[in-house]
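This report refers to the structure that appears directly beneath it.
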Amino acid sequence: MNTLCLPAQENTIHQAAQLIQQGQVVAFPTETVYGLGANALDDQAVRSIFTAKERPADNPLIVHVAEERQLDGLCEVTDTARKLMAAYWPGPLTMLLYKTSQVPNVTTAGLPSVAVRCPNHPVALALLRACQLPIAAPSANRSGRPSPTTAAHVYEDMQGRIPLILDGGPCQVGVESTVVDLTGPVPCVLRPGAITPEDIAAVVGDCAVAPSVMRPLKEGEHAPSPGMKHRHYAPKAKMTVFVGSNDQVAAEIIRRYDAAENAVILSHDDLLPAFGSRRAYSLGANAAEGAHLLFQRLREMDELGCSLILAQGWEATGKGLAVMNRMARAAAFDIVKV
Ligand code: TXA
Ligand code: MG
């Protein structure tokens with residue numbers, strides 16, 4: 001299959017909407033990462049997403065809508081959900097709610113809940129309105145690769161597998177949406193994102209965070225979200241994350257860099273000068289910039305063909321929780337406190 005990558009504008013968005021109505025898969029930008037979308041209500045179309053991504057069939061998809069009203073008939077919208085939608089939609093917040101029989105089981109991987117989100121991106125919203133269908137869309141990477149934050153990343157992973165990529169430029173947030181489970185008595189964050197647990201608690205009074213957000217699942221432990229048990233965001237090189245004071249992190253990274261053959265460094269902007277002529281790349285000046293840059297940097301490190309990535313972590317609170325959750329997984333939880 002020939003894969004077109006076209007700038008997102010009125011006619012190409014219309015073309016993408018027609019492909020979705022015909023049961024095909026197209027990639028499109030959102031404010032978080034690029035998505036790989038198809039008609040959420042069409043079994044066969046949803047199966048094509050799993051094939052293109054090589055995604056395990058037990059990992060459910062997020063259903064994207066243009067507005068809250070489009071959820072009518074798809075799921076049971078609770079009062080808590082309504083409050084959170086009023087506060088944060090459109091935006092990077094995905095909610096788990098009980099589904100109706102209208103949502104095919106392939107979309108939710110057989111689970112009784114469905115993940116729903118209204119993305120805050122003009123192209124995603126225009127596409128949703130043009131096709132007038134809910135769009136099931138995981139991140140547009142091949143399974144196990146970092147999520148794509150540019151159309152070029154999508155092309156790398158999806159070339160020959162889908163007919164069309166809408167290019168809307170780089171994604172602003174850079175890590176995937178917050179996933180919050182609203183099927184229990186207290187909202188519980190299963191995947192941290194730009195909307196923090198504090199942001200959720202500010203609207204609905206309380207919010208828990210799943211323990212597996214910052215540590216690996218234990219042997220036999222139930223995964224509250226199937227995505228947690230699959231290998232994720234893995235660069236080809238081995239990666240270690242360092243947290244602690246700037247001075248100590250710099251010293252430990254330099255010690256390991258100089259002892260290694262083919263290492264690279266990822267650090268906060270203020271630490272970069274400490275590494276002199278060593279190969280060091282920016283992870284931004286704060287956690288939000290770190291989130292924006294992380295997946296792009298991981299892809300760049302793969303291209304460099306380095307064998308070791310030594311990365312400075314962020315404090316795992318507030319906006320830092322989302323980026324550290326991804327860094328921890330990229331490093332297979334090899335986090336060193338210095
Ligand atoms: O920002 C995002 O959320 C992007 C853009 C494209 O919207 N999408 C995205 O989708 O990251 P995906 O499929 O890569 O991640 C969805 C996550 C997975 O970890 C999946 O296991 C979880 O949400 N999930 C989806 N439905 C679920 C459900 N019913 N119960 C538990 N977890 C669910
Ligand atoms: Mg993904």
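What does the extension gain come out to for E300 and Q132, with contour length at 0.36 nm per residue minus their alpha carbon separation?
Extra length available between E300 and Q132 comes to 56.8 nm.
Taking the Cα centre of the range 267-338 as origin, work out the dipole magnitude from +1 charges on Lys and Arg Cβ and -1 charges on Asp and Glu Cβ, in debye rounded to 20. Each step should come with its number before you reach the end.
On the way: 8 positive and 8 negative charges, 28 e Å.
It works out to roughly 140 debye.
Just grab the label-to-label distance for V338 and A285, each label 7 Å out from Cα along the Cβ direction, in nm (one decimal).
2.4 nm
When the expected Rg is taken as 2.2 N^0.38 Å, what fraction or multiple of it is the alpha-carbon Rg of the range 238-337? Intermediate values should be presented prior to the final figure.
Working: Rg = 12.1 Å, N = 100, 2.2 N^0.38 = 12.7 Å.
Compared with the compact-globule rule of thumb, the range 238-337 sits at 0.95.
With each pseudo-label sitting 7 Å past Cα toward Cβ, what's the L4-A87 distance in nm, one decimal?
4.3 nm
May I ask you to work out the translational diffusion coefficient for the range 4-82 at 10 °C, viscosity 1.306 mPa s, via Stokes-Einstein with Rh from the Kirkwood sum over Cα pairs, reported in whole µm²/s? Before the final figure, lay out each step's value.
Values: Rh = 14.2 Å.
It comes out at roughly 112 µm²/s.
Name the residues whose placed amide hydrogens come within less than 5 Å of the amide hydrogen of C5, ignoring near sequence neighbours (fewer than 5 apart) on the same chain.
Those lying under 5 Å, H to H, from C5 are I165.
Once you have the Cα-Cα distance between A259 and H14, take 0.36 nm times their residue separation minus that, and quote the gain in nm to one decimal.
Details: separation 245, 0.36 × 245 = 88.20 nm, distance 5.46 nm.
Taking A259 through H14 to full extension adds about 82.7 nm, to one decimal.
Divide the volume of the convex hull of the Cα atoms of the chain by its number of residues and quote the answer in cubic angstrom per residue.
Residue-normalised Cα hull volume stands at 129 Å³.
Between K238 and S277, what length in nm is gained on full extension when 0.36 nm per residue of separation is reduced by their alpha carbon distance?
Details: separation 39, 0.36 × 39 = 14.04 nm, distance 2.16 nm.
This chain segment gains 11.9 nm when fully extended.
Roughly how many Å² of K319 are accessible to a 1.4 Å probe, to the nearest 10?
100 Å²
Simple spin-label model, 7 Å along Cα-to-Cβ: E76 to R215 in nm?
Simple spin-label model gives 3.3 nm for this pair.
What is the sum of charges, Lys and Arg at +1 and Asp and Glu at -1, for the other residues whose Cβ falls under 9 Å from the Cβ of T94?
On the way: positive: R117, R191; negative: E176.
In short, +1.
What is the sum of charges around C188, taking Lys and Arg as +1, Asp and Glu as -1, for the other residues whose C-beta is under 11 Å from the C-beta of C188?
Working: positive: R191; negative: D181, D206.
Net of charged neighbours comes to -1.
Would you check the accessible area of H222, probe 1.4 Å, heavy atoms only, in square angstrom rounded to 10?
Accessible area of H222: about 150 Å².
Lysine pairs, Cα distance under 21 Å, 8 or more residues apart or cross-chain: how many in the chain? Intermediate results must be reported in sequence, preceding the final value.
Numbers: K53/K229; K53/K236; K83/K99; K218/K229; K229/K238; K238/K337; K319/K337.
The result is 7.
Say we join alpha carbon atoms closer than 10 Å with springs in a Gaussian network model of the chain; which of G168, G23, G110 then has the biggest fluctuation?
Greatest mean-square fluctuation among the candidates belongs to G110.
For T183, what accessible area in Å² do you get when you roll a 1.4 Å probe over the heavy atoms of the protein chains, rounding to the nearest 10?
40 Å²
Given the range 260-306, what whole percent of its Cα pairs are spread farther than 17 Å?
Values: 362 of 1081 pairs.
Value for the range 260-306: 33 percent of Cα pairs lie more than 17 Å apart.
The values are calculated or read from the model by the stated rules, or taken from the named source; none is laboratory data. Owing to the predicted nature of the structure, the values given are computational and were not obtained by experimental measurement. Neighbour counts run over all protein chains shown; Cβ positions are idealised from the backbone, glycine included. Ligands, DNA and RNA are excluded from the accessible area calculation, which covers all protein heavy atoms including side chains. Shrake-Rupley method; radii C 1.70, N 1.55, O 1.52, S 1.80 Å.
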